[in-house]
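A quick write-up on the structure given underneath.
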Amino acid sequence: MKKFIFVTGGVVSSLGKGIASASIGALLEAQGYRISLLKLDPYLNVDPGTMSPFQHGEVYVTEDGAETDLDLGHYERFTNARMTFRNNVTSGQIYNSVITKEREGAYLGKTVQVVPHITNEIKERINAVSENADIVITEIGGTVGDIESLPFLESVRQMHVQLTENDTLHIHLTLIPYIGAAGELKTKPTQHSVGRLREIGIQPKILLCRTEKQLNDEIKEKIALFCNVRKEAVIEAIDADQVYEIPLLFSRQNLDGIILEYLGLKRKKGNDLKKWKKIVGTLRQTDRELVIGVVGKYVKLQDSYKSIYEALVHGGIANKTRIIYKKIDSEMIEEKGVESMMEGVSGVIMPGGFGIRGIEGMISAVKYVREKRIPFLGICLGMQCSAIEIARHVCGMQDASSIEFHPQSTSPVICLMPEQNAVKTMGGTMRLGAYPCTLKKNTHSFGAYRKNRIDERHRHRYEFNNDYREVFKKNGVVFAGTCCNKNLVEIIELDARKHPFFVATQFHPEFKSKPFSPHPLFSAFIKASIAKR
Ligand code: GLN
């Protein structure tokens, strides 16, 4: 029998529903259950791929090439569940599919309505990810009270009535604000938020309470009484130093035990959270710190490079080092000059992005790290900017650029492949998902991965222009990785005699890094940066 957990959020957004859902997944896996996770997003975009990183944060790419919400990144980092196209469902997808079916005549004779047509479609999508799983955790995007998420809430309410009592469980993540002037934690917003859920027929059984101060017994009793939940099901979700502590914080309050009890499932005697304790211990115990510069155009929003920051933490774990990020806005480099902005960094990472804004700053940053021999990891746009920099300042092609920025460039070292030239629509048409790559021996990349063939995820339209391979080679560039079947450049490096660590990849290694298995390129980059410091 399949079990379904639904996670909603109340009071304000950004409480960390994704991390909470991922942590629940981790705890249930530790109990030996197979889990699957699903994110329901209330917006009308078919996927977040067409949104600006400033609107939405990072777009997380799955192995099968879906452009998804960044919470799927947390799911993959915290659990063994593999995310696919099916694990992120938006209102846009639901309406798209219902309207397409209507035109095909699938509902012939009927009036097509939100209930039951939209809600049935939502329920089908939830069931679709339950194959191979004992428990499906569904996170509902948005905040209770939003107009947009009502069809999702109605669907999960129906599932609760249609399935047996202990096959579904509603968990609500809420905020207990601390009012400094009164010196008090306040429960009223939570009471209202749960009241709102009850109005639409949902009674959460467990409350995860985000708070900056500990919740005492009295407060827990009050929340329990007013929100109609058991006191031991009022779980404190106190601000944590780092996200990997959260499964442990939850488990200490027996969240796993309470969930299993509600679902009528057995609890194992031992609790296999050893691997979590180990990484948290490493992060806490180390007194080694390393400053890494993150040079990009979206640094103002923490969420824009979520997986990059996490992969750096993982690279730090592999080297028993705590990473301090220095966020460097590439547009500011153009204004303030590169020297002052890069002060104090032991290594530089340059993530992906789109459009011409901030590009010249990124190119100056590459020139700086190349000349000062500072360890460098360029990713996607970061790789394309390093190719442009090398073309301009090492190979002597002053006008070198990407045709994304300068379509008239006489040295288009980054160009469009013929198949992309024909593309007319924007959504889901980039080179997306996992592709194989063959590594060259005696390179930094080979040294890191220690194998010939790797698979990494992609999300880009433009590629290195093969017409320039020879010139680059003559100037000390090593093509360390190429796509096995397409002859596309995947990794460029500088000759190890010229630079201690200069690696730039067309793919996004950050999406596959996990705290328990740090990505080899991130580990190698951090190691090289420690040596530089
Ligand atoms: N804008 C570049 C391209 O489309 C890089 C994309 C990225 O960094 N993800 O090829």
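Each value in this text was obtained by applying a stated rule to the coordinates, not by laboratory testing. For clarity, every value in this text was computed on a predicted model and none was experimentally measured. Cβ coordinates were reconstructed from backbone atoms using ideal geometry, including for glycine residues, and neighbour counts include every protein chain displayed.
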Check your understanding: List the aspartates and glutamates whose alpha-carbon lies under 16 Å from that of LYS266, not counting same-chain residues fewer than 8 positions away?
Key -> GLU29, ASP134, ASP167, ASP256
Study note, to complete from the structure: Computed for segment 395-491: size of charge dipole around the Cα centre, +1 on C-beta of each Lys and Arg, -1 on C-beta of each Asp and Glu, debye to nearest 20, value 460
Revision key, fill the gap. Using alpha carbon centers only, segment 372-415 is separated from segment 419-483 by a whole-angstrom value of 15
Point to revise | Residue (of GLY105, MET159, THR190) at the positive-pole extreme of segment 76-211, dipole from beta-carbon charges | key: THR190
Exercise for review: Assign one of three labels to segment 319-452, namely rounded, prolate or oblate, based on the Cα gyration tensor with a ≥ b ≥ c the square roots of its eigenvalues; rounded applies when a/c is under 1.5, prolate when it is not and a/b is larger than b/c, and oblate otherwise.
Suggested key: oblate
Study note, to complete from the structure: Taking N as the residue count of segment 1-128, its alpha carbon Rg divided by 2.2 N^0.38 Å gives 1.15
Exercise for review: Find how much the distance from THR164 to ARG450 grows on full extension, using 0.36 nm per residue of separation minus their present alpha carbon separation; answer in nm with one decimal.
Suggested key: 97.9 nm
Check your understanding: For segment 463-470, what does the Karplus curve 6.51 cos²θ - 1.76 cosθ + 1.60, with θ = phi - 60°, yield as ³J(HN,Hα) per residue in whole Hz, taken in order and with x for Gly and Pro?
Key -> 9, 5, 7, 4, 4, 9, 4, 4
Point to revise | Positive-end residue, the chain charge dipole about Cα centroid, Cβ charges, pick of SER529, GLY9, CYS385 | key: SER529
Practice item. Just check segment 396-533 against the gyration tensor rule for me: Cα atoms, a ≥ b ≥ c as the square roots of the eigenvalues, rounded for a/c under 1.5, and otherwise prolate or oblate depending on whether a/b exceeds b/c. Key: oblate
Review point. What list of ³J(HN,Hα) values in whole Hz, one per residue of segment 398-407 in order, does the Karplus curve 6.51 cos²θ - 1.76 cosθ + 1.60 (θ = phi - 60°) give from phi, with Gly and Pro shown as x?
Key: 3, 8, 4, 6, 9, 6, 5, 9, 10, x
Check your understanding: Out of LEU28, TYR43, GLN55, whose Cα points farthest toward the positive end of the dipole of segment 27-75 (charges: +1 Lys, Arg; -1 Asp, Glu; placed on Cβ)?
Key -> LEU28
Revision key, fill the gap. Yeah, segment 207-284 with a ≥ b ≥ c from its alpha-carbon gyration tensor (a/c under 1.5 is rounded, else prolate when a/b outruns b/c, oblate otherwise) is oblate
Review point. Quick one: length gained pulling MET417 to GLN253 fully straight, 0.36 nm per residue minus the C-alpha distance?
Key: 53.6 nm
Review point. Counting Lys and Arg as +1 and Asp and Glu as -1, each charge on the Cβ, what is the dipole of the chain about the Cα centre in debye, to the nearest 20?
Key: 1620
Check your understanding: Straight-line reach from LYS372: which lysines have Cα under 17 Å away, leaving out those fewer than 8 places along the same chain?
Key -> LYS498, LYS532
Revision key, fill the gap. With label points set 7 Å from each Cα along the Cα-to-Cβ direction at ALA106 and ASP241, the distance between them in nm comes to 5.1
Point to revise | Mean Cβ count within 10 Å, highest first, over the residues of peptides 106-113, 84-91 | key: 84-91, 106-113
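Over 26 Å between Cα atoms: which of LYS17/LYS188; LYS17/LYS220; LYS297/LYS440; LYS17/LYS231 fall into that group?
LYS297/LYS440, as the Cα separations exceed 26 Å there.
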Point to revise | Partner aspartates and glutamates for LYS514 [C-alpha distance under 13 Å; skip if fewer than 8 residues away on the same chain] | key: GLU76, GLU310
Study note, to complete from the structure: Expressed in angstrom and ordered largest first, the alpha-carbon extents of segment 6-45 along the principal axes are 35, 22, 13
Check your understanding: How large is the charge dipole for segment 179-314, taken about the Cα centre, if only the Cβ atoms of Lys, Arg (+1) and Asp, Glu (-1) carry charge, to the nearest 20 debye?
Key -> 440
Study note, to complete from the structure: Descending packing, highest mean Cβ count within 10 Å first, for 126-135, 350-359 is 350-359, 126-135
Exercise for review: Give, in whole angstrom and from largest to smallest, the semi-axes √(5λ) of the equivalent ellipsoid of the chain, with λ running over the eigenvalues of the Cα gyration tensor.
Suggested key: 43, 28, 21
Study note, to complete from the structure: Placing each pseudo-label 7 Å from Cα in the direction of the beta carbon, THR286 and ASN228 end up separated by a distance in nanometres of 4.8
